[in-house]
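See structure below.
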Amino acid sequence: MASTFAGVDFYDVDGLLSEEERAVRDMVRAWVDEHLMPVIGEAYIKGEFPRQLIPGMAELGFLGANLPEEYGCAGLNNVAYGLIMQELERGDSGIRSFASVQGALVMYPIYAFGSEEQKKHWLPRLASGKDIGCFGLTEPDYGSNPGGMITTARETKDGWLLNGAKMWITNGSQATVSIIWAKTGAIDDVKSIRGFIVPSSTKGYTAKDQKGKLSLRASDTSEIVLQDCLVPKDAILPKSGGIKSPLMCLTQARYGIAWGGIGAAMACYDEALSYAKNRIMFGKPIGQTQLQQSRLAEMLTEITKAQLLTLQLGRLKDKGTMTPDQVSLAKRNNINMACEAARESRRLLGANGILAEYHSMRHMANLESVYTYEGTHDMHTLILGQAVTGLPAF
Amino acid sequence: MKIAVCIKRVPDMDLRFSIGAGGKALDPAGLKYDIADFDGYAVEVGLRLVEQQGPGEVTVISVGPAAVQETLRKALGMGADRAIQLAADELPFDGLAIARALAAELKDGGYDLVLFGRMATDSANQTVGPMTAHLMGVPCVTAVSRLDIVAGGGTAERQLEGASETVAFPLPAVVTIDEGVARPRLPSLKGIMAAKKKPLDVRPAQFGEARLTVQSIALPPDRPPGRIVGEGADAVPELVRLLQTEAKVL
Amino acid sequence: MANTFAFAESRGGDLRKVAFEAVSAARQAADATGGGEVHALLIGGPGIGDKAAALGRAGADVVVVVEHAGLARYSPEVFAATAAARLRAGSYRAAFFTASAEGRDLAPRVAAALDVSMASDLTGFAIEGDALVGQHPTHIGKIITTVRLTGTPAVATLRPGAVTVVEAARTPRVEQGAPAMDPAAARVVVTAIGAKGDAQLDLADAPVIVAGGRGLREAANFALVEALAAAFGNAAVGATRAVTDDGWRDPTTQIGQTGRIVSPDLYVAVGISGAVQHLAGMRTSKTIVAINKDKDAPIFKVADYGIVGDLFEIVPRLTDEVRKARAAQ
């Protein structure tokens, strides 16, 4: 019953986890080995999200896992939730993106900003995979500056009329429901930003996949167009208001992504280590050369640092004291180190490293998206810069 | 249906093993543990029987030190209802000693069915199941690859060399499970959370005298290095020649 | 000078090869402890007694024959009670069974009935004073555990094929025995035994095994493996877990950690990468040949001979050459 991936744990981080956290991590690790790894190479090449995995993921409770049991969720603590993201991304960043969106960017806003009716209606459906959601914040001209959005929501006697376009929306084309962020006031009134629950079957809502991606190919990335899209009055998330609302969601997602980066780095390191020990050149394994050992030592060190950093972040989140700036530090560090680990692993693998049969280059390509989304690396740099100097340099 | 499943905590067989300091046990460094493969199938069989023919209850039992509680809780996470740890600092290698401890616990439990994996993947003795059944005085069928239970009895299929055997038996009974009956489910996250709240009782294990002991363990002798005879179909005649003259198997 | 006991397994009225292995082991043990008698127990349907004399070849001095219409098929409770009764009635230093499917079921019941411990699946053994010491592959064959068994009789199962039957020609005394319980009272009843497939050699008996894995790409391509097996003439066909999980082959032909453990004279691995759990099932084969397109595949680490390349070209060529070589013999 053991999975074939053994993880990376140079500093006995396992000893800092509870039995339950380890059990969660072990289960997701085994699921990835059994269900995701056999299909991901082909799914990535075909550019298809492996939808057939959704029911299994839902049944095991992966979606919105840190939300309360009363809404049909697993009610895990945040370290356990992070470990799920870590293990999913060990498989593929696209699969983890799916879970991040569903949990942190769709279920979380409904949980945090929704009415009791909305929570009771949507959360169990999203947890069970009956509904798939997406998060409509980013626009073609408003990425790093979401407050500049131009999607509008006008109140009419029949409900809210939404107009605008969103881009780079994960799960967009397969989502049955969208959390759309739009301005209810003047176009420069950031405080008027509100969230809306928009079923994709609503007239005036269209979603279309963006083609030609060289990264996150096993993930649906879509454009959404809202053209006089009318939703009922009660589609609004009543407790949402201002840019803070979507940013709170992003903080949730970024937290999970920080963990995910560790998973991707582990996958690449593990592949590099195994290859280095087995690949013979000039009569000895390449793992016996100084340059390759240097690569491995670097990867191992960065993974170990990230594990300890991120575990503490999780403990702070569970204590209730975690700040968005702390999440920025982790996301920025972990994704950057994962990008480097993937690239160095790809190089260690030599020519074999360009084949889809090996995982490092797929991770390398994926991680470029993860470096850029959920706050680019550079944005998080400036967030930290402002946090410590008090001076905005955006 | 009241079902008991006896499970063992064993090291992950995919890891590289080295011999520990005393020469009698594995070096514990780096070992990871889990439910033995066949025992996992047995848990799955028990859970499915209750799901399909309920109402009922599955109790999982394991013998050993406190660490086995983690393994018991994994089975609880899969859906078992309660767990029992028969506590002992060390697990004897002797199947009869283990059987005595299990039989003492099981015999008054009112179980309709007691399941074991066909063997533990580490010690590979394949004795505890049938020995426990004998000490309990109940019928036993070993190494079943198919199992059908109806009220009061069951039929099972066993794989022999080149043939398969169909066996009928009454309940209560002890059955040991081979590959092919059921793939074990992963514990769901809700299951893992619920496991904490399910009863886990601890009682001392009573082994009696163990007369099968480990004298020493060793790594198997390395196979002498082989060689690549050549590439492609052109290498075949040379391979055949070597099989005839060198290996002498043709 | 102690007597030793051997269980002589039979099926369908014929002795199985493992019966001779158990007797031979008992002979070795008796000779090593002062030359006592070897008593073999042979249970079966009417007529099984005709096979008793053959056990003398492996060194049986006495064959206790228990013939009963209700025992034409294996009956675990009756066989166990009968063997235990015989062991109780005599004074035996050791009792040998083999770790065949039947032996693995029977021996623990006998040991428990006698309240003695038993050693399992031994690849070698010796009597050292008051102990039987034996080698037992554990941890899916990655460890050899040397076990020490005290108590009499020392009950042990031997791995099939581990004991070389040494010719010891003697004419055994045949005693007629009776079942120690009424077969009609047995609670566990074998209702049928069905031969598998079409008289194919079983993996446990075949001197040669040709096994196929994912490299064959689809189930239909197993025809290549079957053709090679047919060319050998004495080969069985095995499969890896990957292909039995995908439904290409019968799961009972899966060779590996949780499948069959085999030890043929020749194992030919076709399109098999050599995952740890597969190696656990075949690493003790006497000669291993591997055919794989990836020269870094782990299977080449355990193979004695390997050919790197396209199996779709190599295997038909090998089939031809093997057929020619056998025809020339």
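Worth a mention:
- Residue pairs whose Cβ atoms lie under 8 Å apart, separated by 6 or more positions or on different chains, with the first residue in segment C:232-248 and farther than 21 Å from residue B:161 by Cβ and in the same structural domain as residue C:258 (by TED's automatic domain parsing) and the second assigned to a strand (DSSP E or B) and at pLDDT 90 or above, are C:243/C:212; C:248/C:239.
- Considering segment A:317-359, and only residues there that are β-branched (Val, Ile, Thr) and touching a residue at least 12 places away in the same chain (Cβ under 8 Å), the residue that is surrounded by the most Cβ atoms within 10 Å (Cβ to Cβ) turns out to be A:335.
- Meets criteria (touching a Lys or Arg at 6+ places or on another chain (Cβ under 7 Å) and within 23 Å of residue A:15 (Cα to Cα)) for residue A:330: no
- Near pairs, Cβ below 8 angstrom, 6+ apart or cross-chain, from segment B:209-226 (in a strand (DSSP E or B)) to any residue that is among the acidic types (Asp, Glu): B:212/B:94; B:213/B:94
- Tally, over segment B:185-218, of residues that are within 10 Å of chain A (Cβ to nearest Cβ) and of a type in the set (D, E, K, R): 3
- Subset tally (residues that are surrounded by fewer than 18 Cβ atoms within 10 Å (Cβ to Cβ) and either more than 15 Å from residue C:152 (Cβ to Cβ) or among the aliphatic types (A, V, I, L, M) (or both)) for segment C:3-36: 7
- Verdict on residue A:217 being surrounded by 15 or more Cβ atoms within 10 Å (Cβ to Cβ), out of contact with any His (no Cβ under 9 Å at 6 or more places or on another chain) and not in a loop (DSSP other than H, G, I, E, B): no
- Index of the failed condition, residue B:204 passing every other in (1) in contact (Cβ under 8 Å) with a residue 40 or more places away in the chain; (2) surrounded by 14 or more Cβ atoms within 10 Å (Cβ to Cβ): (2)
- Filter result for residue C:169 (touching a Lys or Arg at 6+ places or on another chain (Cβ under 7 Å) and not in a loop (DSSP other than H, G, I, E, B)): no
- Selected residue (criterion: surrounded by the most Cβ atoms within 10 Å (Cβ to Cβ)) from residues of segment B:130-170 that are free of Cβ contacts under 8 Å to residues at least 12 places away in the same chain and in a strand (DSSP E or B): B:165
- Filter result for residue B:185 (in contact with a helix residue (DSSP H, G or I) (Cβ under 9 Å, 6 or more places away or on another chain), of a type in the set (Lys, Arg) and part of a strand (DSSP E or B)): no
- Put simply, of C:67, C:37, C:21 the only residue that is among the acidic types (Asp, Glu), in the same structural domain as residue C:105 (by TED's automatic domain parsing) and closer than 26 Å to residue C:201 by Cβ is C:21.
- Among the residues examined, residue C:92 does not qualify as over 26 Å from residue C:167 (Cα atoms) and buried (at least 21 other Cβ atoms within 10 Å of the Cβ).
- Whichever residue in segment A:275-304 is without any contact (Cβ under 8 Å) to a residue 12 or more places away in the chain and among the basic types (Lys, Arg) and, among such residues, is farthest from residue A:263 (Cα to Cα): A:284
- Among the residues of segment C:226-243, the ones that are more than 24 Å from residue B:122 (Cα to Cα) and part of a helix (DSSP H, G or I) come to 8 in all.
- Residue within segment B:79-101 that is among the basic types (Lys, Arg), in a loop (DSSP other than H, G, I, E, B) and within 14 Å of chain C (Cβ to nearest Cβ) present: no
- Candidate set: segment B:104-140, residues that are among the aliphatic types (A, V, I, L, M) and closer than 28 Å to residue B:18 by Cα; chosen: the one nearest to the other protein chains (Cβ to nearest Cβ): B:124
- Taking the listed residues A:135, A:49, the one that is in a loop (DSSP other than H, G, I, E, B), within 17 Å of the chain's Cα centre (by Cα) and either closer than 24 Å to residue A:208 by Cβ or assigned by TED's automatic domain parsing to the domain that holds residue A:248 (or both) is A:49, with no other qualifying.
- From the list C:262, C:237, the lone residue that is modelled with pLDDT under 90, of a type in the set (A, V, I, L, M, F, W, C) and in contact with a Leu (Cβ under 9 Å, 6 or more places away or on another chain) is C:262.
- Only residues that are of a type in the set (Gly, Ala, Ser) and out of contact with any Lys or Arg (no Cβ under 9 Å at 6 or more places or on another chain) were counted across segment C:26-55, and they come to 10.
- Test result for residue C:297, within 11 Å of another protein chain (Cβ to nearest Cβ), assigned to a strand (DSSP E or B) and of a type in the set (A, V, I, L, M, F, W, C): no
- Any hit, segment C:257-270, residues being in contact (Cβ under 8 Å) with a residue 24 or more places away in the chain, in contact with a Gly (Cβ under 9 Å, 6 or more places away or on another chain), assigned to a strand (DSSP E or B) and within 17 Å of residue B:242 (Cβ to Cβ): yes
This table checks each residue for (1) more than 10 Å from every other protein chain (Cβ to nearest Cβ); (2) at pLDDT 95 or above.
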position	(1), (2)
A:1	no, no
A:9	no, yes
A:43	yes, yes
A:49	yes, yes
A:53	yes, yes
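- Criterion violated by residue C:132 - all others in (1) more than 9 Å from every other protein chain (Cβ to nearest Cβ); (2) aliphatic (A, V, I, L, M); (3) within 15 Å of residue B:133 (Cβ to Cβ) satisfied: (3)
- Any hit, segment A:66-81, residues being part of a helix (DSSP H, G or I) and either aliphatic (A, V, I, L, M) or assigned by TED's automatic domain parsing to the domain that holds residue A:364 (or both): yes
- Test for residue A:43: is it part of a helix (DSSP H, G or I), surrounded by 19 or more Cβ atoms within 10 Å (Cβ to Cβ) and without any contact (Cβ under 8 Å) to a residue 12 or more places away in the chain: no
- Criterion: without any contact (Cβ under 8 Å) to a residue 60 or more places away in the chain, facing another protein chain (nearest Cβ under 9 Å) and under 28 Å from residue C:286 (Cβ atoms) - qualifying residue of C:115, C:121: C:121
- Which listed residue is free of Cβ contacts under 8 Å to residues at least 24 places away in the same chain and more than 26 Å from residue C:189 (Cα to Cα), from C:94, C:32, C:89, C:26: C:89
The values are calculated or read from the model by the stated rules, or taken from the named source; none is laboratory data. This structure is a prediction, so every number in the text was calculated from the model and none was measured. Don't worry about glycine lacking a Cβ; one is built from the backbone with ideal geometry, like all the others, and counts go over all protein chains shown.
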